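Rule-based calculations on the coordinates, nothing more; no lab input. Computed from a predicted structure; not experimentally measured. Positions of Cβ are backbone-derived with ideal geometry, glycine not excepted, and every protein chain shown enters the neighbour counts.
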């Protein structure tokens, strides 16, 4: 349920929408996973055209893009992501693997990422005999 509050502020009426946590969560779930149509994407792009950016913002965007491109060119790898973690993964036979990209590890072995992620977060004890634990940040 959305509550609308009207506020008087120097002869201007401001409308403030206050959303409950339940409403935020419900709307978030409703929108996640939804595929946008080409028409909608074009309309959103059209709505953004003509929007004025400050010079400072343009410089930030440009330098960020240049840095990302130059890092990839020089090293041949993507820029460092500080959220990447090392994982120690053991199969049912006792072999231990270390990796820093759980999705890629699963893709290479034909497993579902969600299964191993459930082991990492503690929802599952194992996934098809595989056990995973975080080894820490890189």
Take 48, 124 and order them by how many other Cβ atoms sit within 10 Å, fewest up front.
-> 48, 124
Indicate the gyration tensor shape class of region 85-137 (rounded, prolate or oblate), computed on the Cα atoms with a ≥ b ≥ c the square roots of the eigenvalues: a/c under 1.5 is rounded; otherwise a/b larger than b/c is prolate and the rest oblate.
-> rounded
